[in-house]
Amino acid sequence: MLGMSVSKRDRASEIPLEYLSIKRLRRCRVLMLHTDFFWFYGHGHMRHGELGSLFMRKHLNTFSATFLIVASMLGTGILTTTGIMLSLLKAPWAVLGIWVAGGILAWIGAWCYGELARTMPRNGGEATILRELFSPTLGEIAGWTSFVVAFAAGNAASSLALAAYLGEALPGASLRPQVVACGALLLVTGLHGLLGPMALRIQTLLAATKFSLLAGLTLYGIFLAAPAVAIQPAESAQVSQATAFGAPWGLAMMLVMFAYSGWNAAIYVAGEIHDPTRNVRRAMMVGTTIIMLLYVAINAVLLTHLPAQELDGVGPVIAVLVKHLFGAQASAVFSGLVAFALLSSLGVSAFLGPRVLATMLEWFGKEHSDDGMPAVVTPRLVWLQAGLSILMVMTGSFVQILTVMGFLLGLFPILCVLGLYRRSCDLEGRPLMLVRYVFAPLFVGVSTVVLILGAAQSPHEVGIALALVGMFFLARAGMRRFA
């Protein structure tokens with residue numbers, strides 16, 4: 001009966017709850033992902049959007065949320081930034097140390113965010129946290145920043161990285177990077193638009209493939225290849241003197257923060273995780289620990305197996321390492337596998353970004369309620385983000401946005417952690433001494449110093465960041481005016 005009643009809008013105006021058996025709900029799942037005309041009113045009937053919330057609310061377990069963290073963090077950062085950091089700091093030990101420091105900072109941030117998730121287990125990420133603890137304006141600016149900078153621009157960068165690695169795998173194919181990048185975006189967006197939460201299974205498989213590739217390469221370099229290729233002491237002495245502490249260290253740390261970005265991915269889907277008061281923090285802590293160990297280990301392999309001169313300023317450092325260990329042909333095969341696995345990075349953004357936008361759009365709705373139910377994500381929102389990413393890929397305008405990603409993505413987490421001290425953050429009765437007096441001050445203090453030093457190194461990019469924030473504020477004011 002339900003399958004027939006939802007075929008037309010005029011027959012779907014009223015859906016009694018007694019008809020929603022498990023079998024019929026499963027039949028409606030596909031319809032929910034493609035339509036938005038479920039209506040209900042009165043007691044025992046569903047209003048618009050609530051059927052979607054029924055499916056979305058608790059479809060992520062701890063394992064899925066942990067792999068969401070892993071897939072979100074494993075991306076272009078670890079594949080491209082070590083050579084740039086070596087050109088800034090000059091000493092391999094300094095580069096390795098800053099990877100360790102960045103991992104610890106992300107781990108502390110995950111702990112603090114876990115406490116925030118206990119009181120606000122809802123979708124939206126920083127946008128929801130800042131809106132609840134500070135003001136709607138700040139929350140909506142954070143939401144627009146997350147959607148445009150973190151997800152749309154981040155996906156544009158990841159798709160171009162995928163195209164670059166695919167070009168390394170097929171050097172004679174003469175592939176246009178923009179065409180490959182757009183094709184990858186369309187493929188991943190199509191999967192998420194058509195399958196919705198079911199695409200998480202494919203995404204988890206791709207994330208596992210990407211993790212296995214890097215972990216396998218790291219284990220080989222540590223246990224099998226170490227005796228064969230060792231850096232000469234003379235070469236190490238030439239680069240042992242690190243750059244004096246200052247602005248270059250801040251910029252290098254911002255690059256590390258970009259590479260570790262994604263440690264807070266679970267907060268964007270907190271309303272869809274089983275028992276979010278426990279599992280959100282657990283997923284962030286476990287996922288961040290796994291990635292930190294992998295990042296430190298693979299950088300240790302890079303910096304001990306390759307002379308610093310070969311890494312200084314180089315982008316695709318992993319491809320250089322594979323070529324050094326296995327030869328050019330193996331490097332081409334590995335690059336192709338990395339390109340395929342990078343689809344998981346695109347999938348994470350396609351999954352998370354529209355949820356931030358859906359949450360903000362619900363705030364503008366006339367019938368918004370604070371019942372904790374996640375906002376319904378329609379395929380139109382998924383395609384909207386893909387359209388922004390494709391526009392950035394085709395016009396090249398994403399380049400300048402990427403230069404300020406580290407700054408903006410480091411700014412709003414500071415504000416969120418400061419929210420632990422707000423009276424509206426209802427955390428009484430819990431053992432918060434460690435968080436409020438150790439972890440939160442460390443996170444806020446170190447992150448602030450990093451942003452200041454990074455701004456001193458790149459003042460032009462900071463100006464772009466402030467301009468973006470102003471633009472988001474104007475967009476927010478305009479939407480409020482005409483809502």
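The values are calculated or read from the model by the stated rules, or taken from the named source; none is laboratory data. Just so it is clear, the model here is predicted, and its values are computed rather than measured. Because the Cβ atoms are built from the backbone with ideal geometry, glycine has one as well, and the counts that use them run over all protein chains shown.
Of the residues that make up the stretch 26-35, is at least one outside the structural domain of S447 (by TED's automatic domain parsing), part of a loop (DSSP other than H, G, I, E, B) and modelled with pLDDT under 50? Spell out the reasoning first.
To start, the set of residues in the stretch 26-35 that are outside the structural domain of S447 (by TED's automatic domain parsing) comprises 26-35.
This time we only want the ones that are part of a loop (DSSP other than H, G, I, E, B), so: 35.
In the following step, the residues that additionally are modelled with pLDDT under 50 were identified as 35.
The answer is yes; a qualifying residue exists.
Please pick out the residue among L138, L68 that is in contact with a strand residue (DSSP E or B) (Cβ under 8 Å, 6 or more places away or on another chain) and not aromatic (F, W, Y).
The unique qualifying residue is L68.
Filter the stretch 83-131 down to the residues that are crowded, with 24+ Cβ neighbours inside 10 Å and acidic (D, E) and list them by number.
Listed by number, the list holds a single entry, E126.
Show the residue pairs meeting these rules: Cβ distance below 6 Å; 6+ apart or different chains; first residue within the stretch 115-141 and at pLDDT 85 or above; second residue surrounded by fewer than 24 Cβ atoms within 10 Å (Cβ to Cβ) and β-branched (V, I, T).
Note: pairs meeting the criteria are E115/V435.
Only helices (runs of 4 or more DSSP H) wholly contained in the stretch 238-334 count here; list those with 1 or more residues that are at pLDDT 85 or above, more than 16 Å from L88 (Cβ to Cβ) and not acidic (D, E). Steps first, answer last, please.
Details: elements: 247-260, 276-305, 308-311, 317-326.
The qualifying helices (runs of 4 or more DSSP H) are 247-260, 276-305, 317-326.
Picking from S72, S146, S64, S87, which residue would you name as being modelled with pLDDT of 85 or more and among the hydroxyl-bearing types (S, T, Y)? Before you say what the answer is, go through the steps one by one.
On the way: S72 fails: modelled with pLDDT of 85 or more; S146 fails: modelled with pLDDT of 85 or more; S64 fails: modelled with pLDDT of 85 or more.
Going through S72, S146, S64, S87 in turn, the sole match is S87.
Mind checking whether some residue in the stretch 347-366 is among the hydroxyl-bearing types (S, T, Y) and over 20 Å from F412 (Cβ atoms)?
Kept after step one, since they are among the hydroxyl-bearing types (S, T, Y), are these residues of the stretch 347-366: 349, 359.
Next cut, over 20 Å from F412 (Cβ atoms) only: none.
Within the stretch 347-366, not a single residue is among the hydroxyl-bearing types (S, T, Y) and over 20 Å from F412 (Cβ atoms).
Quick one: is L343 out of contact with any Cys (no Cβ under 9 Å at 6 or more places or on another chain), at pLDDT below 85 and either of a type in the set (A, V, I, L, M) or buried (at least 21 other Cβ atoms within 10 Å of the Cβ) (or both)?
Considered against the rule, which asks whether it is out of contact with any Cys (no Cβ under 9 Å at 6 or more places or on another chain), at pLDDT below 85 and either of a type in the set (A, V, I, L, M) or buried (at least 21 other Cβ atoms within 10 Å of the Cβ) (or both), L343 comes out as yes.
Conditions first: (1) surrounded by fewer than 21 Cβ atoms within 10 Å (Cβ to Cβ); (2) over 26 Å from I464 (Cα atoms); (3) at pLDDT 80 or above. L388 passes all but one, so which condition is the exception?
The number of the failed condition is (2).
Being farther than 17 Å from S447 by Cβ and in contact with a helix residue (DSSP H, G or I) (Cβ under 9 Å, 6 or more places away or on another chain): is that true of L133 here?
The answer is yes for L133.
Residues are listed down the side, and each one gets a yes or a no for (1) more than 17 Å from the chain's Cα centre (by Cα); (2) more than 25 Å from L415 (Cα to Cα):
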position	(1), (2)
T76	no, yes
G83	yes, yes
L96	yes, yes
Y113	no, no
E126	no, no
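Inspect the stretch 97-114 for any residue being modelled with pLDDT under 90, in the same structural domain as P441 (by TED's automatic domain parsing) and out of contact with any Asp or Glu (no Cβ under 6 Å at 6 or more places or on another chain) and give the result as yes or no.
So the first thing to find is which residues in the stretch 97-114 are modelled with pLDDT under 90, and the list is 114.
Within this subset, residues satisfying the condition of being in the same structural domain as P441 (by TED's automatic domain parsing) are 114.
Imposing the further condition that a residue be out of contact with any Asp or Glu (no Cβ under 6 Å at 6 or more places or on another chain) reduces the set to 114.
For the stretch 97-114, residues modelled with pLDDT under 90, in the same structural domain as P441 (by TED's automatic domain parsing) and out of contact with any Asp or Glu (no Cβ under 6 Å at 6 or more places or on another chain): present.
Go through the stretch 116-136 and give me each residue that's part of a helix (DSSP H, G or I) and closer than 11 Å to I267 by Cβ. Quick ask: steps written out before the conclusion?
Kept after step one, since they are part of a helix (DSSP H, G or I), are these residues of the stretch 116-136: 116-119, 126-133, 136.
Those that are part of a helix (DSSP H, G or I) and closer than 11 Å to I267 by Cβ: L116, A117, E126, A127, T128, I129.
Return the pair list, or none, for Cβ contacts closer than 6 Å from residues in the stretch 459-481 that are of a type in the set (A, V, I, L, M) to residues that are at pLDDT 80 or above, at least 6 apart or on different chains.
Filtered contacts from the stretch 459-481: V462/A455; A465/F407; A465/L408.
Report whether or not A184 is assigned by TED's automatic domain parsing to the domain that holds M257, farther than 22 Å from V269 by Cβ and modelled with pLDDT of 75 or more. So that I can check it myself, show each step before the final result.
Working: assigned by TED's automatic domain parsing to the domain that holds M257: yes; farther than 22 Å from V269 by Cβ: yes; modelled with pLDDT of 75 or more: yes.
Spelling it out, A184 is indeed assigned by TED's automatic domain parsing to the domain that holds M257, farther than 22 Å from V269 by Cβ and modelled with pLDDT of 75 or more.
With respect to T137, determine if the residue is surrounded by fewer than 22 Cβ atoms within 10 Å (Cβ to Cβ) and among the hydroxyl-bearing types (S, T, Y). Break it down into steps so the answer makes sense when it comes.
Working: surrounded by fewer than 22 Cβ atoms within 10 Å (Cβ to Cβ): yes; among the hydroxyl-bearing types (S, T, Y): yes.
So T137 passes the test.
Restricting attention to the stretch 58-84, which residues are β-branched (V, I, T), in a helix (DSSP H, G or I) and either farther than 17 Å from R281 by Cα or without any contact (Cβ under 8 Å) to a residue 60 or more places away in the chain (or both)?
Narrowing the stretch 58-84 to residues β-branched (V, I, T): 62, 66, 69-70, 76, 78, 80-82, 84.
Restricting the remaining residues to those that are in a helix (DSSP H, G or I) gives 62, 66, 69-70, 76, 78, 80, 82, 84.
Passing the criteria: T76, I78, T80, T82, I84.
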